[in-house]
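The values are calculated or read from the model by the stated rules, or taken from the named source; none is laboratory data. All figures in this text were calculated on a predicted structure; none of them were measured in a lab. Quick reminder, even Gly has a Cβ in these numbers, built from the backbone with ideal geometry, and neighbours come from all protein chains shown. Keep in mind that these areas ignore ligands, DNA and RNA; they rest on the heavy atoms of the full protein, side chains included. Shrake-Rupley method; radii C 1.70, N 1.55, O 1.52, S 1.80 Å.
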Amino acid sequence: MDCLIDAFLQDMELSGKSKTTALHYGYCLKNYAAYLSGRDPLQADKETLRGFIAYLKSQEKTSKTIENYFSVISSFYEYLVFEGKAAANPVIAVRKRYLRRYKDNDDGQARKLISVEDMSNLINSTLNVRDKAVITLLAKTGIRRNELITLDISDVDLIENMIRLKPTAKRTNRTVFFDDECAYLLRRWLKVREGTNKKGSTALFLNHEGKRLNRSGVYNLVVEAARRAGLHNPESKRLEDHFSPHACRHWYCTHLFRAGMRREYIKELRGDSRKEAFDLYNHIDLKELKEAYLACIPQLGV
């Protein structure tokens, strides 16, 4: 199975997936291979996959983690089908029947949205300067977690209050803006960072070891801050009771829209892929976009 996994990861790289994503997929697939214990993955059926669900539950994995595993495994089998190595993807039916994300489609699965006041309380109740800056940047720019962790200091313009994101397969527009509140916290963090950057890292955000902050580090700091502020309930199975880094992106887009920003401006700032002819030829002026952003982005009193 190792050869199949290696070929799949090479295909991911060819299709433009990030190294971080490939590492995550590789980790999940290696655990799946360990569970198979030498059995041929091409012979996997619903019994095999139900057994893997039971195995993950015995390891006390959360429902979200199990769903994530099966998303990865499904992508793996889709690749095998594409290459003609497998006749069908055995994961689809199993996911639909047994995993909550596919079984439930009610209001209990709505993405959590907090108010402007709650976001203000969340940030202002966070004492660590780095964590305050991370959460504020996520909320004020709507960037994805992977986009945040790949940021270097050189990507941030504290004069024009804008960021040039690294290119990714998911994003079209790479320029995002932030306001004076966010700039104030970034400057505070950069002063602290000077004394902690013993290894000469170029990363904007560092962990306690002086290395680049990673995906799990961002997730943990956001979730812990939200838990302390009473905005995240780790015991609940309802998505709307959980606050994660992606909830900041949801907050950003929703409150820009509620403040009156035009849909095409929000789409541009989100970096959504341009699928329609109008999107391809509608060139938005950055100065106009920044002015609209500053007029609509909520102020948090940080």
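General observations
- Among the candidates K46, K30, K19, residue that is more than 22 Å from A93 (Cβ to Cβ) and touching a residue at least 24 places away in the same chain (Cβ under 8 Å): K30
- Total residues in the range 56-74, condition within 18 Å of L9 (Cβ to Cβ) and touching a residue at least 60 places away in the same chain (Cβ under 8 Å): 0
- Every residue from the range 6-28 that is open to solvent by less than 100 Å² (accessible area, probe 1.4 Å), over 16 Å from S71 (Cβ atoms) and either modelled with pLDDT of 85 or more or assigned to a helix (DSSP H, G or I) (or both): D6, A7, D11
- Pairs with Cβ under 6 Å, 6+ apart, first in the range 214-240 and more than 14 Å from L138 (Cα to Cα), second of a type in the set (G, A, S): A229/S125; H232/A226; R238/G108; E240/A110
- Among residues of the range 175-200 that are within 26 Å of R249 (Cα to Cα), those with a beta-carbon under 8 Å from a residue that is basic (K, R) and open to solvent by 60 Å² or more (accessible area, probe 1.4 Å) at least six positions away or on a different chain give the pairs T175/R164.
- Residue, modelled with the highest pLDDT, within the range 103-112, restricted to residues that are loosely packed, with under 14 Cβ neighbours inside 10 Å and not in a helix (DSSP H, G or I): A110
- Any hit, the range 269-278, residues being among the charged types (D, E, K, R), part of a helix (DSSP H, G or I), touching a residue at least 40 places away in the same chain (Cβ under 8 Å) and within 21 Å of T172 (Cβ to Cβ): yes
- Test result for D2, modelled with pLDDT of 90 or more and either out of contact with any strand residue (DSSP E or B) (no Cβ under 9 Å at 6 or more places or on another chain) or closer than 16 Å to A86 by Cα (or both): no
- Among the residues examined, R258 does not qualify as under 27 Å from K166 (Cα atoms), open to solvent by 50 Å² or more (accessible area, probe 1.4 Å) and either within 14 Å of the chain's Cα centre (by Cα) or among the basic types (K, R) (or both).
- In this structure, A86 does satisfy being open to solvent by less than 50 Å² (accessible area, probe 1.4 Å) and not in a helix (DSSP H, G or I).
- Here E47 passes the criteria (1) open to solvent by less than 10 Å² (accessible area, probe 1.4 Å); (2) closer than 18 Å to R97 by Cβ except the one numbered (1).
- Filter result for K85 (touching a residue at least 60 places away in the same chain (Cβ under 8 Å) and either hydrophobic (A, V, I, L, M, F, W, C) or within 28 Å of A169 (Cβ to Cβ) (or both)): yes
- The residues of the range 273-300 that are within 19 Å of R249 (Cα to Cα), at pLDDT 70 or above and open to solvent by 40 Å² or more (accessible area, probe 1.4 Å), listed by number, are K290, L294, A295, Q299.
- Of all residue pairs spaced 6 or more apart or on separate chains, those with beta-carbon atoms under 7 Å, a first member in the range 132-159 that is at positive phi and a second member that is assigned to a helix (DSSP H, G or I) are G142/R249; G142/Y252; G142/C253; G142/L269; G142/R270.
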